[in-house]
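Q: Sharing a structure here in structure tokens format.
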Amino acid sequence: MGKDKLRLALLAGGKSGEREVSLKGAEEVYKAFDKNRYDIKRYDPATDLEKIAADASKIDAAFILLHGLFGEDGTVQGFLDLLDIPYQGSGVLGSAIAMDKNLSKILYRNNGLNVAAWAMVTPKDMAKQGWDNSILQDLQFPLVLKPVRQGSSLGMSIVQSKEELSTGLQEAFKYDRTVMVEQFISGREITVGVIGNDELGALPLVEIIPGDKYSFFDYEAKYQPGATNEICPADFDTKTTKKAQHYGITAHKALQLRGYSRTDMIVSGDDIYVLETNTIPGMTPTSLLPQAAAEYGLDFSALLDRLIELALEKN
């Protein structure tokens, strides 16, 4: 008799603003999984939590393809832990930490990584007289605004004046009640993938060059075909490449992550600034981490196999 197939739950959809991206990614992941090795059943946590719980004894592992809140933030990970279902990637703690941009930056800095200066703002802060002047004591335009617990650059903007700062914050508050105001760093945007549990390996660098109509790697630039030029391996000298890969592994460890991650950075002169870390990066064959994995020698199907192996090893 042949070896039984691994019973795999593919979780996609969810309730976040990145639902459509998740569903599109799941189509590609489903196609790429080797059907001779896996018996795959799809679930949407927006509607199927009861089904997942009912089927738990028949699920060998889960592949989570959820981005943003209620998927990448530790909530689904905790649900699967309660059901004793192994899954790829980070657990509750690492997922929650990485989702919080403020806490992540504190941990990056505490672990010797360069980060851009920043301040945190809430609607209550904006009600105070001279709130913008207090921010501009330590920061100067241009500034980057980021909802503190969103992914895919939702609600993010770059602002050049007090008026734009106020308008940008009001937009960002639609996505989160706390917003990070960060010093804009001019440079080349790269991303560094890391794979492994106890033994970590950094993937080749990918450089992201937004097209002419995009000032940065925003939601549309990320998901509109042809909106960005992505170069893998990125054209940097050995010293910069090794430093960036070291930063990727350091960030991964600092945030208590497992399995895999993708950390975004800016190379500015001789300095590298860490921006944020994705614990469930985009997963289509042309997404950034799969591009880097392919350059490393893992095609898309092999990458998915490796992530499932790490999930089962972790358990």
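Just so you know, all these numbers are worked out from the coordinates, no wet-lab data involved. These numbers were taken from a predicted model, which means no experiment stands behind them. Here the Cβ positions follow ideal geometry from the backbone for every residue, glycine too, while neighbour counts run over all protein chains shown.
Q: What does the C-alpha gyration tensor say about the overall shape of region 6-88? Classify as rounded when a/c is under 1.5, otherwise prolate if a/b is larger than b/c, or oblate. Please report the intermediate quantities before stating the final value.
A: Values: a/c = 1.84, a/b = 1.10, b/c = 1.68.
It is oblate, given that a/c is not under 1.5 and a/b is not larger than b/c.
Q: Something else: I need Trp118, Trp131 ordered by Cβ neighbour count within 10 Å, fewest first. Can you show the working numbers first?
A: Working: Trp118 19, Trp131 16.
Ascending Cβ contact count within 10 Å gives the list Trp131, Trp118.
Q: Over all directions, how big on average is the projection of the convex hull of the alpha-carbon atoms in region 118-183, in square nanometres?
A: Details: hull surface 14.9 nm².
Mean shadow area of the hull around the Cα atoms is 3.7 nm².
Q: Hey, another quick one. Rounded to the nearest 5, what is the percent of antiparallel bridges among the DSSP beta bridges in the chain? The partial results should precede the final answer.
A: Values: 37 of 49 bridges.
Close to 75 percent.
Q: Which of Lys239, Lys105, Lys162 ends up with the largest GNM mean-square fluctuation for the chain, with Cα atoms connected below 10 Å?
A: Lys239
Q: Follow-up question, since we're still on this one. Work out, step by step, the length gained on full extension between Asp235 and Asp34: first 0.36 nm times the residue separation, then minus their alpha carbon distance; give nm to one decimal. Before the final figure, lay out each step's value.
A: Values: separation 201, 0.36 × 201 = 72.36 nm, distance 3.33 nm.
Taking 0.36 nm per residue and subtracting the Cα distance, the gain is 69.0 nm.
Q: Give the Cα extents of region 245-308 along the principal axes, in whole Å, largest first.
A: Computed over the Cα atoms, the extents are 35, 25, 17 Å.
Q: Label the chain by shape, choosing from rounded, prolate and oblate, from the square roots a ≥ b ≥ c of the eigenvalues of the Cα gyration tensor; if a/c is under 1.5 it is rounded, and otherwise prolate applies when a/b is larger than b/c, oblate when it is not. Show your work: numbers first, answer last.
A: Numbers: a/c = 1.96, a/b = 1.50, b/c = 1.31.
Verdict is prolate for the chain.
Q: Also, I was wondering about something else. Once you list every other residue whose beta carbon is under 13 Å from the beta carbon of Asp176, what net charge do they have if Lys and Arg are +1 and Asp and Glu are -1? Present the calculation step by step, with values, prior to reporting the outcome.
A: Numbers: positive: Lys101, Lys146, Arg149, Lys174, Arg177; negative: Asp73, Asp100, Glu171.
Charge balance in the 13 Å sphere: +2.
Q: Between the helical axis of 162-172 and the dominant principal axis of the chain, each derived from Cα atoms, what acute angle in degrees is found, rounded to the nearest 10?
A: The angle comes out near 20 degrees.
Q: Continuing with this model, one more query. Give, in whole angstrom and from largest to smallest, the semi-axes √(5λ) of the equivalent ellipsoid of region 47-169, with λ running over the eigenvalues of the Cα gyration tensor.
A: Details: eigenvalues 286, 51, 25 Å².
The equivalent ellipsoid of region 47-169 has semi-axes of 38, 16, 11 Å.
Q: If one takes the longest principal axis of the Cα atoms in the chain, at what angle in degrees, from 0 to 90 and to the nearest 10, does the Cα axis of helix 19-32 lie?
A: That works out to roughly 40 degrees.
Q: Can you tell me the relative contact order of the chain? Whole percent, Cα pairs under 8 Å, sequence separation 6 or more. List each step's numbers first, then the result.
A: On the way: 631 pairs, mean separation 62.0, N = 315.
Dividing the mean separation by the residue count of the chain yields 20 percent.
Q: Right, another one. In degrees from 0 to 90, rounded to the nearest 10, what is the angle of the helix 101-110 Cα long axis to the longest principal axis of the chain?
A: 80
Q: If I stretch the segment between His246 and Asp125 completely, what's the gain in nm (0.36 nm per residue apart, minus their alpha carbon distance), one decimal?
A: Working: separation 121, 0.36 × 121 = 43.56 nm, distance 3.70 nm.
Gain in length upon complete extension: 39.9 nm.
Q: For the chain, what is the mean residue ellipticity at 222 nm derived from helices alone (per DSSP H run of n ≥ 4: -39500 (n - 2.57); sum divided by total residues; nearest 500 deg cm²/dmol)?
A: Working: 12 runs with 114 residues, N = 315.
Per the formula, -10500 deg cm²/dmol.
Q: Pull up the cross-link candidates among the lysines for Lys41, meaning alpha carbon to alpha carbon under 27 Å and not fewer than 8 places away within one chain.
A: Within reach: Lys3, Lys5, Lys15, Lys24, Lys31, Lys51, Lys58, Lys314.
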